[in-house]
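The structure appears right after this line, and notes come after that.
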Amino acid sequence: MKVIRSIAIGLLVFYIALFGLTKAIRYPEPIAAIRLGLAPASKTPELMPFHEITAPSRSFAPWQEGALENIDQVTWNGKKTDFEVFLNETNTNAFLIIRNGKITYEYYVEGKDETTILPSYSVAKTMTSLLVGQLIDEGKIKESDTFVSIVPQFKAGTSFDKVTIEDLLDMNSGIGVSDNYPTGPSGWGVAIAQMYATTDMNWFVEHNRKMKEEPGTFPEYRSVNTELLGLIVQKITGKSLSDSFSERIWKTVGADFNATWNVDKAGGHEKAFCCFNATARDYARIGEAIMTGSPAIASERWKERLSTPTVTLDYGWGYGAQMWHPYQGINLMLGLHGQYIFQDAARDTVIVKLSDMPTSSDGITPKIAAVLKEISEKNLIVAVH
């Protein structure tokens with residue numbers, strides 16, 4: 001009994017110390033943080049507080065079905081592979097193809113369907129960019145504006161104060177918060193993980209203003225850039241990102257379901273760089289609206305901005321205004337753990353793939369993009385009688 005009592009006391013002391021540490025660095029309490037770190041992607045929306053993004057009372061643009069597609073095989077890992085194998089090996093939760101504005105293929109893993117809210121991770125970056133673009137079009141901000149001119153509480157007296165909205169949009173700010181994701185417990189302490197889990201975004205930004213390069217000199221994919229864009233939108237509108245997105249985008253596209261956006265705390269800041277959660281069909285609505293310009297959630301000028309690469313980042317892909325460009329003429333909204341909204345305007349095709357891939361598999365992104373390109377380009381439509 002003495003041994004058991006000693007172990008229990010030791011564990012209690014350890015937990016109290018860990019609890020104090022998580023409070024000091026603005027993390028969720030230890031058990032919640034561990035649950036968040038170990039959960040599959042599809043479970044994370046429910047493990048952090050969130051704000052709701054309200055859909056219209058009823059969709060005014062119900063989906064229509066086109067001629068259904070039969071996808072037998074795709075080129076995966078250098079060889080022809082059954083499409084079902086590809087879906088399974090890439091931990092696919094939902095796969096949706098829209099051609100000419102109509103659903104031609106729809107797949108959900110067992111336990112999920114067209115009503116299931118799924119995370120998009122860094123697809124949220126493009127969602128944030130849509131709001132930034134509207135504010136620019138309205139003359140409320142300019143790309144040449146500095147971050148601290150809008151949110152002066154974060155002035156640092158360094159080159160951080162020179163970072164512009166344009167720098168943030170194009171991942172060119174030089175702010176030293178890298179997007180490295182070590183596996184295991186060591187990964188929980190890196191800056192990007194802290195930003196993801198934080199319960200106080202203002203505290204995080206205040207303590208992470210160190211510059212790695214001068215603004216505009218070295219493009220590198222860093223999620224902190226999008227978080228600062230989110231703070232700008234919130235400051236200019238005086239509303240949460242979720243409320244602005246609902247009014248300006250979600251209701252405009254006629255979303256079928258409410259979405260959510262995870263926040264640091266209730267009434268706080270959305271995690272603008274990630275953590276937007278919605279159904280596969282409603283993600284497709286955003287891809288369709290950007291690609292076709294209807295309904296208008298982005299002006300022609302901002303649509304052009306989204307569709308034009310300005311820097312080269314990972315995989316040698318183009319990037320600009322929070323949108324990836326893996327191939328000529330292709331816009332790609334991309335998120336960790338295998339989230340894709342692939343837009344091929346030349347073929348009037350949008351493909352949505354939402355997944356539960358482990359962080360360690362992020363390097364296969366180009367292989368998956370190649371499969372989406374192959375599906376988009378092939379005439380796979382087969383009428384079902």
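Rank the residues Val177, Val352 as a footprinting-exposure proxy: fewest other Cβ atoms within 10 Å of their Cβ go first.
Neighbour counts put them in this order, fewest first: Val177, Val352.
Cα-Cα over 30 Å: which of Lys251/Lys353; Lys80/Lys271; Lys210/Lys271?
Lys80/Lys271
Within the chain, what's the longest stretch lacking GluC sites (Glu not before Pro) that sit in DSSP loops with no more than 11 other Cβ atoms inside 10 Å?
139-385
Take the alpha-carbon centre of the range 266-312, take the same for the range 187-237, and report the distance between them in whole Å.
Here the two parts' Cα centres lie 20 Å apart.
Write out the trypsin sites (Lys or Arg not before Pro) in the range 115-149 meeting two conditions: DSSP loop, and at most 15 other Cβ atoms within 10 Å of their Cβ.
Lys140, Lys142
Asn180 versus Ala346, label points 7 Å from Cα toward the beta carbon: distance in nm?
Calculated label separation equals 3.8 nm.
May I ask you to list the residues of the range 59-84 whose amide nitrogen lies under 18 Å from a point 7 Å from Cα along the Cα→beta-carbon direction of Phe257?
Answer for the range 59-84: 59-64.
Check which residues have an amide H placed less than 5 Å from Asn331's amide H, if you skip close sequence neighbours.
Those lying under 5 Å, H to H, from Asn331 are Gln343, Ala345.
How do Trp261, Trp203 rank when sorted from fewest to most other Cβ atoms within 10 Å of their own Cβ?
Trp203, Trp261
For the range 285-385, what is the relative contact order in percent, using Cα pairs closer than 8 Å and at least 6 residues apart in sequence? Can you show the working numbers first?
Numbers: 137 pairs, mean separation 17.3, N = 101.
So the answer I get is 17 percent.
Just checking my list (i) 73, 60, 44; (ii) 64, 52, 40; (iii) 56, 44, 39 against Cα extents along the principal axes in Å computed from this structure; which label fits?
(i)
Taking R0 as 30 Å, what's the FRET efficiency between His207 and Glu46 from their Cβ-Cβ distance, rounded to 0.05?
Result of the calculation: an efficiency of 0.60.
Since every read-out is calculated from the coordinates, none of them should be taken as a lab result. Since this is a predicted model, take the numbers as computed values, not measurements. Backbone-built Cβ (ideal geometry, glycine too); neighbour counts: all protein chains shown.
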